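Shown next, in structure tokens, is the structure this report addresses.
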């Protein structure tokens, strides 16, 4: 398993070395999110242009023809979504690849999904898992990835859970943690940026607090008091597990008030302290020649920000889940080259991986996400090989709000993952009832 920095280049080097030194050449298969399929082909063309590449795409008939022709290629690229649909075609061909590579292997974190089941059916001499976040929410995700690359090595999930996951997560059992680390370390290649590129510029992370405007704060306090009472009654009546959806909805509303109350309150026109703070940063930074990536978990927030950008005549691009793959690539290239495009609005979920945006030297996280690893991956769109400038990262946190508590939770929960795998993650889905209810205090 390979995670952290320079994963694509490392794998392309391995494949290229095999192709150049083998008489009986077999194709290798990369399975990745659909948004990254063309990225893989572009990277192969750029760094390993001796490789004959094929991206599986199009209609079922077209894909069937392409799969029949994989013997003519060195590198075949498909998406998790298409592999689920086409797995029978691969099985019928009964082809054994040299390597099968699961890119963004956190897509396999749930071993019961079709993503995980399909890729495990692919025959290959060697399996690789590439990920910047081997653990997003629980140690079960690490087990699922190893179940792909080395089935049975970490035992059945039940035994893994009883022997390692429960003692480590709930009991903070250092002995169990050491034993698990010893098991996985021989099969993990991990390099951070400073090891790969020692001259990589500095990265500075700054938390910027803002205080809600009076009307905004009154809305927050009133909504918090109401939902806190409603949640308490629902939990008492239906139990905590049955109330999780209502709890999540309430937490979302509180977060939205911090971003801008008009995200769900009609005719609200009293403004948002965070939006004002954000626009001040953007205006000053763009005047000084900086280029910015702005991430948010709420695409609807972009519509509000765009109005302000248009007023200031600041040119920008926007990338969300609805942005087509070829359009993504065009915008990325244009942003990196064109000094007139000062800002890139990017949905955290849609653009947190697979983008090279070293044209930017500033990153703004408009709202905190539950998983610190997700934020870090987003930041790394700018802070990666090719970056020539120091990178400034701003995290906008509203004081006396749920955002402060999310930030505190990130810091608290990341310690376990740091001890386990030296990576910053947050075990969101494993939060206790007490952790969740504290968010309403």
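Where a number appears in this text, it was derived from the coordinates with a stated rule and is not lab data. Values in this document were obtained by computation on a predicted structure and should not be read as measured data. When we count neighbours, we look across all protein chains shown, and the Cβ atoms used for this are built from the backbone with ideal geometry, even at glycine.
Arrange 340, 327 by Cβ neighbour counts within 10 Å, fewest through most, would you?
340, 327
For residue 214, put the label point 7 Å out on the Cα→Cβ axis and report which residues of segment 270-285 keep their amide N under 17 Å from it.
Answer for this model: 270-273.
Take the Cα radius of gyration of segment 341-392 and divide it by 2.2 N^0.38 Å, with N its residue count; two decimals is plenty.
Taking the Cα Rg and dividing by 2.2 N^0.38 Å, one obtains 1.06.
Simple spin-label model, 7 Å along Cα-to-Cβ: residue 435 to residue 21 in nm?
The modelled label-to-label distance comes out at 4.5 nm.
May I ask you to list the residues of segment 267-303 whose amide nitrogen lies under 17 Å from a point 7 Å from Cα along the Cα→beta-carbon direction of residue 315?
283, 286-293
Neighbouring Cβ atoms within 10 Å as the yardstick, rank 290, 260 fewest first.
With the fewest neighbours first, 290, 260 line up as 290, 260.
If you stretched the chain out fully between residue 244 and residue 333, how much longer would it get, using 0.36 nm times the residue separation minus the C-alpha to C-alpha distance?
Gain on extension, residue 244 to residue 333, equals 27.8 nm.
Just one of (1) 23.0; (2) 21.1; (3) 24.6 is mean projected area of the Cα convex hull in nm² calculated from these coordinates, so which is it?
(1)
Taking the Cβ-Cβ separation of residue 181 and residue 287 as r and a Förster radius of 41 Å, what is the calculated FRET efficiency to the nearest 0.05?
0.25
Suppose the chain between residue 45 and residue 203 were pulled fully straight at 0.36 nm per residue; how much longer would it get relative to their current alpha carbon spacing?
Roughly 53.9 nm would be gained on extension.
Could you please rank 288, 111, 242, placing first whichever residue has the fewest other Cβ atoms within 10 Å of its Cβ?
Fewest-to-most Cβ neighbours within 10 Å comes out as 288, 242, 111.
Sorted by average packing, counted as other Cβ atoms within 10 angstrom per residue and highest first, what order do 8-19, 63-74, 348-359 take?
Highest-to-lowest ranking by the protection proxy: 348-359, 8-19, 63-74.
Can you compute the modelled spin-label distance between residue 174 and residue 10, with each label point 7 Å from Cα toward Cβ, in nm?
Modelled inter-label distance: 2.9 nm.
At R0 = 25 Å, how high is the FRET efficiency between residue 159 and residue 125 if r is their beta carbon distance? Nearest 0.05 is fine.
Using R0 = 25 Å, I get an efficiency of 0.35.
Using only the alpha carbons of segment 203-438, what is the convex hull's orientation-averaged projected area in square nanometres?
For segment 203-438, the mean projected area of the Cα convex hull comes to 13.8 nm².
Can you pull the semi-axes for segment 75-155, root of five times each eigenvalue of the Cα gyration tensor, sorted largest first, whole Å?
Taking √(5λ) for each Cα gyration eigenvalue gives 21, 13, 12 Å.
Working from the pairwise distances between different alpha carbons, so that the mean of 1/r is found and then inverted, what is segment 2-191's Kirkwood radius in Å?
Averaging 1/r across every pair of different Cα atoms and inverting gives 17.4 Å.
Considering the chain as a Gaussian network with a 10 Å cut-off on Cα pairs, which listed residue, 25, 253, 158, attains the greatest mean-square fluctuation?
In the Gaussian network model the winner is 158.
By how many nm would the segment from residue 222 to residue 237 grow when fully extended, if each residue of separation counts as 0.36 nm and the alpha-carbon distance is taken off?
Going from the current span to full extension adds 3.1 nm.
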